[in-house]
Every structure is written in structure tokens, then in C-alpha cells.
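**Q** Take this structure, written in C-alpha cells, and hold onto it; I'll ask about it next.
The values are calculated or read from the model by the stated rules, or taken from the named source; none is laboratory data. Here the structure is a predicted model, which is why all the values come from computation and not from measurement. Methodologically, a virtual Cβ is constructed for each residue, glycine included, from the backbone with ideal geometry; neighbour enumeration extends over all protein chains shown.
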Ligand SMILES: *Cc1c(COP(=O)(O)O)cnc(C)c1O
């Protein structure tokens, strides 16, 4: 069962309700009231299962009776099957590869849009569709994107009968590759609206439109949906098993994980995996110049200083929304106190652990470590991994932030697993600066001509909320 992080009454809802509503009515986030455990025997069993099997069992415990088992299994087979993960060999959807002594990558970028958000969204889109079918409902989603989330969400919604999506994006700022990926998905239930403004304008419009009673039934696609978190737990299980296999470790031996982090969704899934029994020692949060998470770990103070644009753009955030679920845990699952804590953060842009009776080092005490990266570190790390692996491994800038932090922060006395969150072909510019154009890996077939394919897939609209509302009204 799930309860809102801000609900003093702890009213519980099922997975289906939490999935469809996204955010709780009181502004809190639906969070599991307790976590299932993974026993040693289960871990042994998972060693012989393909990813779809691990996913069905591990994630299935969070879905419970919200969907029939056979529907869940069919969803997993589709979400992580060969259509979506054409390069998966032998059922390994999230391969592990060594890049240095004791240092390994867990590659999460094999999905249809070549970034790790596919791993959650491919499952979540299908689950939403099936839950809506059970309830005989339909859902219109509205989102804003500056790049990656847009195409991953659209791909997950595409061809789902009960879902429709309107995605706002800024006319300037996305890479041609990202725009191409989105544009190529236009049609049917996917609408791409290109706004003559910045990403912030798009986000403001989403807020204003959903606050308008006429559009209050619109759903959101965002990283706080609990389904996105629980569908990210299985790859920690699969990654751990594969790492133990490659290092001749015994089941039960610990690993450290390093996670390129923004909204703290991926890291929270890692934290849950650890609580459930996966032997993760430290969860090391890697940030770019937007270092809100690093400051929190080091000082016990959560402060929003706004965000700047960097060359690892999917981590450009001023706050990390999923932290609220961890704070709720720290505060003894006390909804009233978590509500106060978060409201203080929202109004004053700053809140500290000690004001709420927690230790300044609460993050470290809970097994989190952190470090930050920078543009120069990113470029030199891409180059170093390329040369260390004799040209075998080209990493993207987000992964580079994490490898850089791993080398500076992880103690490396046990195997260290860096989560690799995007395919480098999505960020050819910075990769070329690091290793030269000659080093850029060949694109897989499905992306060969993506810029041209997506060119005409946008409806251009002025930077005017009325115009956007009118478009949605006419096409919803
Ligand atoms: C979204 C994203 C991240 C950050 O993940 P969070 O779950 O928001 O912390 C890192 N890398 C890439 C490529 C992403 O798209």
C-alpha cells in the first residue's frame, strides 16, 4: 500500500490509484508504507532469470493485486523485449562492462530513446493503460521537456489506447537529435507543441493550465510518479548479480554504486533496493555544477539556489523532488512533520535537518556519499575512459560526471558500479570535443536519420498560454 508523505492520517491507496494520480491531493508523494524483502534464496533464483523475470517478480510485489499477474508479465515482456531493446544479448537488458580496476558500468541506455528513463517509462506507460482499461477511463497527459524526458514519455504513451499526450518544448535549446526523436513520434495520440520561449515558460504553462478548472483532469508525466521509482529497482538487482558474476564475488558481497543524479529518482530506487536486501554499501550521488544534492549530503542543508545550464543537461535542477520520500523516512514516516519540512523549503528555499531534530550527517548516516563534477572534468573523463578501454567504451556526459565522482569519492576497496544513463550518440558535440569526431560511435539503425525524420513533427505556437490551451481544447 501507498500513503502520501504529507498525510498525518496515513490514508492508504493501492498501486493503481498512486500510479494514475501521480501526486497525492495534499501535494505529497505516494510512497510505499513498507518494502518487500529479497531473501538470499531469491537472489540465487534471480541469477538464472532474464531481466523480464527479475522485473516481473521484484516490481510485481509493488503492483500487488492492482493488475493481474498475466497482464504484468505480458507488460514486462513487451517493455523489455527485442522491439524495445534490440541490442540485449541473452535477456541481459542492462549489461555490465568493466572500464578500469574495480570499476564497472551498468548500461541503462539500451531502450528506444537511448536513455535510462525508458527503463521505467516503458513499463509505466503500459501499466497506466491497463489500469485505465480496468477502470474504463481515459487519461490526457500534459508535460514540458527540455530534452530527454519528452521522447521517453512519448515513446511510452505511443500506441497506448487510453492515453494521449501533449508535450511542450522550447523552440530553442534542445539538441537536433532530441528534437528529432520527439518529432518522429508525432501523430496518433502524441502531440508535440513547440513554444516560442524557454523551457521555464513551458513549465509555467503546464502549471497554469493544470491549475485551470477546465483542465484539472489532465495528468502529469513527471519523475515523482511512484511507478517510475519502483520500476527502477529491478536493474539494481540485475546489475548486482552481473557484477558478482564478473568479479567472481559471492552472493552477499557488497558493492558501491555511483549514480548521476538530478531529481533523485534513480538514487531513491537504489536506496529501496538496498533496504530490500541488495548488498549495496554506499550510494554515491554524482551531480554536475547544479550541486544541491552534494550540498545536502555534506552539510545537512537542503537549499534551492536555482539551476544553470550545463553540458550534462538532464541533471540541471535546483531541487530534487524525490528527496521528499527519503525525508519522510528520516522523519519517522510522520506526514505532518514532512509537510512542514517541505513547505518551509518551498517558501524559504532552504531547510536544514537540525531544525527538525535530525543529524547534520543524516544522509551519510543513511549510507549516502556525494561529489560534483564540472564541464572540464566531464570532457577529460570521457577522454580518459576512451583511452583506458582502448577505444572500446565511449560514455555520455552524464555518465562521465559519475565516473569522475567515482574516481574521486569511492574508496574502490570493493567493486564499484557506475550507472550509465544515456547513449553518447545523443550528445555528439561534447563527445567529439573529448575524443574527436572519429571516436563517435556509429549510430544504430533506428537513429541513423533521426534529425530529418523528426523535422516536421512540431506544431509551432506562440509563447502564450491561451494559444496552448486552445490547441489542447481542440485536440484532446
Ligand atoms: C534524468 C536523467 C538523470 C537524472 O536522474 P534522476 O532520477 O532525475 O536523478 C541522469 N542522466 C540522464 C541521462 C537522465 O536522463
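**Q** Spot the failing condition for residue 422; the list is (1) out of contact with any strand residue (DSSP E or B) (no Cβ under 7 Å at 6 or more places or on another chain); (2) within 16 Å of the ligand (Cβ to nearest atom), and only one is missed.
**A** (1)
**Q** If you go through segment 189-208 one residue at a time, how many are in contact with a helix residue (DSSP H, G or I) (Cβ under 7 Å, 6 or more places away or on another chain) and free of Cβ contacts under 8 Å to residues at least 40 places away in the same chain? Quick ask: steps written out before the conclusion?
**A** As a first pass, look at segment 189-208 and keep what is in contact with a helix residue (DSSP H, G or I) (Cβ under 7 Å, 6 or more places away or on another chain): 189-193, 195, 205, 208.
Of the ones still in play, those that are also free of Cβ contacts under 8 Å to residues at least 40 places away in the same chain are 189-190.
Here the count works out to 2.
**Q** More than 23 Å from residue 59 (Cβ to Cβ) and within 16 Å of the ligand (Cβ to nearest atom): is that true of residue 194 in this structure?
**A** Values: more than 23 Å from residue 59 (Cβ to Cβ): yes; within 16 Å of the ligand (Cβ to nearest atom): no.
So residue 194 fails the test.
**Q** Yes or no: segment 74-83 includes at least one residue that is within 22 Å of residue 272 (Cα to Cα), more than 19 Å from the chain's Cα centre (by Cα) and surrounded by 14 or more Cβ atoms within 10 Å (Cβ to Cβ).
**A** Within segment 74-83, none of the residues are within 22 Å of residue 272 (Cα to Cα), more than 19 Å from the chain's Cα centre (by Cα) and surrounded by 14 or more Cβ atoms within 10 Å (Cβ to Cβ).
**Q** If you take the residues of segment 393-406 that are in contact (Cβ under 8 Å) with a residue 60 or more places away in the chain and out of contact with any strand residue (DSSP E or B) (no Cβ under 7 Å at 6 or more places or on another chain), which of them is farthest from residue 447 (Cα to Cα)? Lay out the reasoning, then the answer.
**A** Kept after step one, since they are in contact (Cβ under 8 Å) with a residue 60 or more places away in the chain, are these residues of segment 393-406: 393, 395-406.
Adding the requirement that they be out of contact with any strand residue (DSSP E or B) (no Cβ under 7 Å at 6 or more places or on another chain) leaves 397, 400, 404.
On the way: 397: 19, 400: 22, 404: 28 Å.
Per the criteria, the residue is 404.
**Q** Another question about this same structure. Counting just the residues of segment 86-99 that are modelled with pLDDT of 95 or more and more than 13 Å from residue 399 (Cβ to Cβ), which one comes out surrounded by the fewest Cβ atoms within 10 Å (Cβ to Cβ)? Let's see the steps before the verdict.
**A** Taking segment 86-99 as the starting set, the residues that turn out to be modelled with pLDDT of 95 or more are 93-99.
With the extra rule that they be more than 13 Å from residue 399 (Cβ to Cβ), the set shrinks to 93-96, 98.
On the way: 93: 25, 94: 26, 95: 18, 96: 22, 98: 16.
The residue in question is 98.
**Q** Determine if segment 85-96 includes at least one residue that is in contact (Cβ under 8 Å) with a residue 12 or more places away in the chain, within 26 Å of residue 244 (Cβ to Cβ) and not in a loop (DSSP other than H, G, I, E, B). Walk me through how you get there before you give the answer.
**A** In the first step, residues of segment 85-96 are kept if they are in contact (Cβ under 8 Å) with a residue 12 or more places away in the chain; the result is 85-88, 90-96.
Okay, now just the ones that are also within 26 Å of residue 244 (Cβ to Cβ), so 85, 87-88, 90-96.
Cutting the leftovers down to not in a loop (DSSP other than H, G, I, E, B) gives us 92, 96.
Yes, segment 85-96 contains at least one residue that is in contact (Cβ under 8 Å) with a residue 12 or more places away in the chain, within 26 Å of residue 244 (Cβ to Cβ) and not in a loop (DSSP other than H, G, I, E, B).
**Q** Given the criterion buried (at least 22 other Cβ atoms within 10 Å of the Cβ), modelled with pLDDT of 95 or more, within 16 Å of the ligand (Cβ to nearest atom) and over 23 Å from residue 426 (Cβ atoms), identify the matching residue among 325, 369. Before the answer, list the steps.
**A** On the way: 369 fails: buried (at least 22 other Cβ atoms within 10 Å of the Cβ).
One residue alone meets the criteria, 325.
**Q** Right, another one. Of all residues in segment 247-264, which are within 16 Å of the ligand (Cβ to nearest atom) and out of contact with any helix residue (DSSP H, G or I) (no Cβ under 6 Å at 6 or more places or on another chain)? I'd like the intermediate steps shown before the answer.
**A** Of the residues in segment 247-264, the ones within 16 Å of the ligand (Cβ to nearest atom) are 257-264.
Across segment 247-264, the qualifying residue is only 263.
**Q** For a quick check of your reading: which helices (runs of 4 or more DSSP H) sit entirely within segment 388-476 and have at least 1 residues that are closer than 20 Å to residue 172 by Cα?
**A** On the way: elements: 397-409, 428-435, 450-453, 465-475.
Those helices (runs of 4 or more DSSP H) span 428-435, 450-453, 465-475.
**Q** A follow-up question, please. Among helices (runs of 4 or more DSSP H) lying entirely in segment 107-193, which contain 3 or more residues that are surrounded by fewer than 24 Cβ atoms within 10 Å (Cβ to Cβ)? Show your work before the answer.
**A** Numbers: elements: 117-135, 148-157, 176-183.
Those helices (runs of 4 or more DSSP H) span 117-135, 176-183.
**Q** Can you say whether residue 281 is away from the ligand (no atom under 16 Å from the Cβ) and in contact with a strand residue (DSSP E or B) (Cβ under 6 Å, 6 or more places away or on another chain), as far as the supplied structure shows?
**A** Spelling it out, residue 281 is indeed away from the ligand (no atom under 16 Å from the Cβ) and in contact with a strand residue (DSSP E or B) (Cβ under 6 Å, 6 or more places away or on another chain).
**Q** Of the numbered conditions (1) buried (at least 21 other Cβ atoms within 10 Å of the Cβ); (2) under 21 Å from residue 107 (Cα atoms); (3) touching a helix residue (DSSP H, G or I) at 6+ places or on another chain (Cβ under 7 Å), residue 399 satisfies every one except a single condition; which is it?
**A** (3)
**Q** Can you tell me which residue within segment 331-346, out of those that are under 26 Å from the mean Cα position of the chain (by Cα) and surrounded by fewer than 13 Cβ atoms within 10 Å (Cβ to Cβ), is modelled with the lowest pLDDT?
**A** Looking at the filtered set, the residue picked out is 346.
**Q** How many residues does segment 220-244 hold that are assigned to a helix (DSSP H, G or I) and closer than 18 Å to residue 149 by Cα?
**A** Step one: of segment 220-244, the residues assigned to a helix (DSSP H, G or I) are 226-230, 233-244.
Subsequent filtering for residues that are closer than 18 Å to residue 149 by Cα retains 226-230.
Final tally of qualifying residues: 5.
**Q** Still on this structure: For residues in segment 357-378 being touching a helix residue (DSSP H, G or I) at 6+ places or on another chain (Cβ under 6 Å) and part of a helix (DSSP H, G or I), which is farthest from residue 29 (Cα to Cα)?
**A** Within segment 357-378, the match that is farthest from residue 29 (Cα to Cα) is 377.
**Q** Right, something else. Does segment 306-349 hold any residues that are closer than 21 Å to residue 286 by Cα and part of a helix (DSSP H, G or I), and which are they?
**A** Filtering segment 306-349 down to residues closer than 21 Å to residue 286 by Cα leaves 306-327.
Residues satisfying the conditions are 313, 314, 315, 323, 324, 325, 326, 327.
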